[in-house]
Amino acid sequence: MKKYIDSGKIDTRSGFGVGLYEAGKADPRVVALTADLKGSLKMDQFAAEFPDRFIQCGIAESNMVGVAAGLAVTGKIPFIGSFAEFVSGRVYDQVRQEVGYGHTNVKIASSHAGITLGEDGATHQTMEDIALMRAIPGMGVINPCDFNQTKQATIAAAKYDGPVYLRFGRPSWPNFTPDEPFEIGKAYIMNEGSDVTIIACGHLVWESIKAAEALEAEGISAEVINIATIKPLDEAAVLASALKTKAVVVAEEHNSAGGIGELVAGVLAKSAPTPMEFLNGEDKWGQSGTPAELLAAYGLDAAHIVLAAKKAIARK
Amino acid sequence: MATVNELQKIASQVRRDIVRMVTASKSGHPGGSLGSTDIMTVLFFNEMKQDPKTWTRDAKGQDAFILSAGHMAPVYYSVLARAGYFPKEELGTLRKFGSRLQGHPSVERGLPGIFLPSGSLGQGLAAAAGIALGKKLDKEDNNVYVLCGDGESEEGEIWESGMFAVHHKLDNLIAMTDVNGQQIDGPTSSVAAIAPLDQKWKAFGWNVIEADGNDIQAIMDAFAMAKANKGSGKPTMILFKTEMGHGVDFMAGTHKWHGKAPSPEQCAEAMKQLEETLGDF
Ligand SMILES: Cc1ncc(C[n+]2csc(CCOP(=O)(O)OP(=O)(O)O)c2C)c(N)n1
Ligand SMILES: [Mg+2]
């Protein structure tokens, strides 16, 4: 199986911070807005280098969304940054109307997403945001898997013409993908395999790679797909893999409703019905704990992915 | 009625609890909690008609409290435990897996004293207004208290509630703002044009009281004035001027300790500055 080496644990939000700075250096139209979370979103470098293009909005997220839409009308490329819940659920209607229906070129930087946020607990651990944002016509949804990919996805989002919801996280996490340009709309095949396909996004891509290594030790060949761009989905890659392995596992830090599990199932149901297993937050609230404790408790770590892969294979 | 001296002793223990809890959980928000400790101590040990032995989530026949600035959970949990809502030993479980003391207040596990969750800012004043209105509908005489942050007051929803409470004449609503002049990214003045809070609330039609939120006697007096306002048909907003991180010299007066846990060494240093009065958890 393809070897992945962790070049050093680092949070994906730091990848966003570097990517934002690079995007700002490359294009003077890039502006960054935050709602009292400049440091948490790692916007410090951008703010220091481009003070005129950094806009502090205070703790007022709905206003921030509208201001970003207005800035976009004037030709700016606004990135708005806050915790995932506060730039999705809290401002859903503002995003829906002024960004989605308004066709404004706003990039939503959504940090601290998912259960791996950890100790802050359920109020901050949004597990519904992919569903919400997927449901907005024309909204691109990207959930990169590590520091390098988040940095590159940020740069790509700045160049992309249209609204994007860019989801990343808080914990220090293995950094293992090459530092190369991100292609929006492309599923990344992390490992080719023949017995089962494991599809994941975000932090769970690393867990899926660990699971594939464990499966290989047992003589099971797992294909691992980093879906990365959730919308528009790389349907061809998903279909080709499912037709090859005939068993699919989908893992995500998200509620079962409206996440990538249902998304993939929808694609396969149309033209290649395949036995599937789903690992997600089910229909439960999050809670406080360390990321590792929570991934284990909610059945989202490598060990659970291994079990799910075997179950999917047994159903062929 | 507790004396000023007794309340000061409780506040000292609550501050020890806050620093020790946040150190043990290696995360959490000590700054705002320490600054609002005196307010919360007076509220729970002298002011509110709410008894841990008879507490129920429907708030029937008692006063109610909502912590709108949910990140100040450490001070909330400490005063609840010290007032007898749950064993103080539980304070050591803050933010740990399986604990009832979630990172932000939660009703999921039935922690006594909590009426509604908070953590996403700006929502508690509306919730308190709802409870206050419910009490009016039930012809109940009890008061509803709510604590907001000054940074939190940048949320539009706070001002929606501000109009609502006046329109519905909720003079049983006693709102408080912890005016510590700090929020995550720095001093509030460097983040948003939230000042002057007194004129804003007055213009919204509230009975506005300003007091030193780190002076026990001044806090008691402010509550007395708030209650004297009952019958006026106006809700009360007490603007409590506080110092973030109050009581621990290296945490005081800066946003840097908004949401950062001290090291064990820093915790030990803080303990030297805070008298243990009721026995640590
Ligand atoms: C809706 C929402 N936006 C942002 C946050 C992140 N956040 C938590 S506390 C805080 C600062 C609050 O400032 P203030 O109310 O003054 O509290 P203090 O820092 O003084 O404790 C922010 C931005 C949040 N919890 N909820
Ligand atoms: Mg403040």
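The values are calculated or read from the model by the stated rules, or taken from the named source; none is laboratory data. Given the structure is predicted, the values throughout are model-derived calculations rather than measurements. As a convention, Cβ positions derive from the backbone with ideal geometry for all residues, glycine included, and neighbour counts pool all protein chains shown.
Kindly evaluate B:Ala81 against the criterion of being away from ligand 2 (no atom under 16 Å from the Cβ), buried (at least 22 other Cβ atoms within 10 Å of the Cβ) and in contact (Cβ under 8 Å) with a residue 60 or more places away in the chain.
yes
Residues in segment A:121-163 that are within 16 Å of ligand 1 (Cβ to nearest atom) and of a type in the set (S, T, N, Q): A:Thr123, A:Gln125, A:Thr126. Per the conditions (1) within 14 Å of chain B (Cβ to nearest Cβ); (2) among the small types (Gly, Ala, Ser); (3) under 20 Å from the mean Cα position of the chain (by Cα); (4) within 20 Å of B:Gly259 (Cα to Cα), the sole criterion not satisfied by A:Ala60 is (3). Among the criteria (1) within 17 Å of the chain's Cα centre (by Cα); (2) without any contact (Cβ under 8 Å) to a residue 40 or more places away in the chain; (3) in the same structural domain as A:Thr290 (by TED's automatic domain parsing), the one A:Pro181 does not fulfil is (3).
For B:Leu147, the requirement of being within 12 Å of ligand 1 (Cβ to nearest atom), outside any helix (DSSP H, G or I) and away from chain A (no Cβ under 14 Å) is met. In the set A:Leu166, A:Leu132, only one residue is touching a helix residue (DSSP H, G or I) at 6+ places or on another chain (Cβ under 6 Å), surrounded by 20 or more Cβ atoms within 10 Å (Cβ to Cβ) and within 30 Å of B:Phe97 (Cβ to Cβ); that residue is A:Leu166.
Among the conditions (1) within 14 Å of another protein chain (Cβ to nearest Cβ); (2) more than 12 Å from ligand 1 (Cβ to nearest atom), the only one that A:Gly75 does not satisfy is (1).
If I filter segment A:64-93 down to residues being within 21 Å of B:Ser118 (Cβ to Cβ) and not hydrophobic (A, V, I, L, M, F, W, C), which single residue comes out as surrounded by the most Cβ atoms within 10 Å (Cβ to Cβ)? So, considering only residues that are within 21 Å of B:Ser118 (Cβ to Cβ) and not hydrophobic (A, V, I, L, M, F, W, C), the one surrounded by the most Cβ atoms within 10 Å (Cβ to Cβ) is A:Ser82.
State whether the residues of segment A:259-275 include one that is at pLDDT 95 or above and among the hydroxyl-bearing types (Ser, Thr, Tyr). Looking for residues that are at pLDDT 95 or above and among the hydroxyl-bearing types (Ser, Thr, Tyr), one finds at least one in segment A:259-275, hence yes.
If only residues of segment B:111-133 that are without any contact (Cβ under 8 Å) to a residue 40 or more places away in the chain and either on the phi > 0 side of the Ramachandran plot or not in a loop (DSSP other than H, G, I, E, B) (or both) are counted, the one that is nearest to ligand 2 (Cβ to nearest atom) is B:Ala126.
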